[in-house]
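The next block holds one structure in the form of structure tokens; read it before the comments.
Just so it is clear, none of the values below were taken in a lab; they were calculated from the coordinates. Small disclaimer: the values here were computed from a predicted structure and weren't measured. All Cβ positions, glycine included, derive from the backbone under ideal geometry; neighbour counts span all protein chains shown.
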Amino acid sequence: MSAPPNIVEAMTDPEWFGPWFQGESWDGWRTVLKGMFAVPMTDDERAFFRTVSERDPPAEPSREMWAIVGRRGGKDSIASFIAAYIAATFSGQDKLRPGERPLVMSLACDRDQARICLNYIKGYFEQIDLFAGMIERETQTGFELSNGVDIAVATNSFRSVRGRPILAAILDETAFWRDESSANPDVETFNAIKPGLASIPNSLVIGISSPYRRSGLLFSKFRDHFGKASKTLVVKAPTRVLNPTIPQTIIDEAMAEDPAAASAEWMAEFRNDVSAFVSQEAVDACTSPDVLERPRVDGVKYSAFVDPSGGSSDSMTLAIGHSQLSEDKKRSIAVLDAVREIRAPFSPDDAVAEFATLLKSYAIRSVRGDRYGAEWVSQSFKKAGIEYKAADLSKSEIYRDLLPRLNSGEVDLLDNRRLTTQLLSLERRTARGGRDSIDHPPGGKDDVVNSVAGCVVYLTSARHQPVYPAMYSWSGQPINRKNPSRFDGPITEGELAGGYATAMR
């Protein structure tokens, strides 16, 4: 193979990638790539580049570019093209240790998306004559090339990217990355990639995504570098700016139906109607490090909340906790003692039996839960010797009541990674009428946090505490039955810490 053309020339050359990028509809992307690789531009191209970057073109090639582009804007086509070009033209083996193979990786938000990118890249090597015979061996995640480069496409995971010299990392749809074991998979994966880039000169990171909420790696790159003379190039463009073949009527209809969602999907604007539910700092302050579970203590009254499931897709979860006085003796703290999750698929009856055993070990004979399939859930728990009470608060109402408790430190959580991940992933959404709702993000999970939130909120909600029969303090003073938190006489700290049940005669 003779000296390769630059990436923009290769995109146009009919013997290279030209057949896939014919016509003026790709001119916008060609200009973006000229900016990234510091290829000279015409005056018209410089003017266009400023509209999508709010800056002058870089004088030197950028080793990091983030393209925030509307849906159907050609992101996958460009990502796979860049990966194929960089892999095919690599000639820097003298920069590596003997036997070391550089990696061109494309990380996507799910396996289906990853497979699309892999098929695009493979198609170039199978159909471009200049690349004939370069694929020496196919692997489970990609293939190996005759020039010593490996190409791999996978889902985002900070564990899978360590230990390899990275020639280029294409981060596809980073705004939508989800990982059940990480609250910040985009940030953690990006940080894991950086050491692998250090050993190869001119290695690249390219993030291409539609925008979502105003947080995470993509938004931080936009906030810190867009419109600035930075070494990190950030471009932002609505769909039709980079793909004018999309009919305007489709976008107009979407904007009329849901302006907030369409502004992100088609106009490449970060959403203002979606925000993080709780901060990392608040969750960290409420979590007891390295405490995975607390055993039952005699004399303590425990409560529980269950998030049922039919067993086919969602997990079934249970949370157990108790209430105790804070160190300053001025407020009540909800303490989480145990969390259980049974992942699908499973037998609902077996799950209920397992949960009932745990509940009884904490001397719990009744459990609250959401209204999902209330009849069969109630009957199943009844057979297991546990009374099931449907919650009178909705999931969104429970989350609403949980937030002030987290922010004020009135919760003591276990160090449970899935709980922390799901809690930090919760989103607050504002509907067109102004009403807020709180739920997991698209593709996310909230089974564990559902049961924990219900347990915590009901533990600390006075109106949901049981009304006891006539109760008396140790001094013989009657306790107000309508409001057990008020006493007709003094009560000791020991009586409060032990709970009302131990203060009964």
Relative packing of 421-427, 48-54, which averages over residues the other C-beta atoms within 10 Å, highest first: 421-427, 48-54
Need one word for the range 15-152: rounded, prolate or oblate. Basis is the Cα gyration tensor (sqrt eigenvalues a ≥ b ≥ c); a/c below 1.5 gives rounded, then a/b vs b/c decides. prolate
Taking Cα pairs under 8 Å and at least six residues apart, what relative contact order does the range 281-464 come out at, in percent? 29 percent
Cβ-based net charge around Ser361, under 15 Å, with every Lys or Arg adding one and every Asp or Glu removing one: +2
Just grab the label-to-label distance for Gln379 and Thr42, each label 7 Å out from Cα along the Cβ direction, in nm (one decimal). 7.4 nm
Label point 7 Å out from Gln22 along Cα-to-Cβ: which residues of the range 217-245 have amide N under 19 Å? 243-245
Share (percent) of C-alpha pair distances in the range 281-464 greater than 30 Å works out to 15 percent
Whole-Hz ³J(HN,Hα) from phi, Karplus 6.51 cos²θ - 1.76 cosθ + 1.60, for the range 47-60, glycine and proline x: 5, 5, 4, 5, 5, 9, 10, 6, 7, 6, x, x, 7, 10
Suppose every Lys and Arg Cβ carries +1 and every Asp and Glu Cβ carries -1, with no other charges. What dipole size does the range 281-464 come out with about its Cα centre, to the nearest 20 debye? 500 debye
Segment Ala132-Ser396, extension gain: residue separation times 0.36 nm, minus the distance between their alpha carbons: 89.4 nm
Net charge, Leu145 excluded, C-beta distance under 13 Å - Lys, Arg +1, Asp, Glu -1: -2
Suppose the chain between Asp112 and Leu96 were pulled fully straight at 0.36 nm per residue; how much longer would it get relative to their current alpha carbon spacing? 2.5 nm
Check which residues have an amide H placed less than 5 Å from Arg214's amide H, if you skip close sequence neighbours. Arg271
Please give, to one decimal in nm, the separation of the simple spin-label points placed at Leu292 and Val187, each 7 Å out from Cα toward the Cβ. 2.6 nm
Projected label distance in nm at Ile250 and Asp284, using a 7 Å step from Cα toward the beta-carbon: 4.3 nm
Of Ser303, Gly444, Leu358, farthest towards positive along the dipole that unit charges on Lys, Arg, Asp, Glu beta carbons give the range 281-464: Ser303
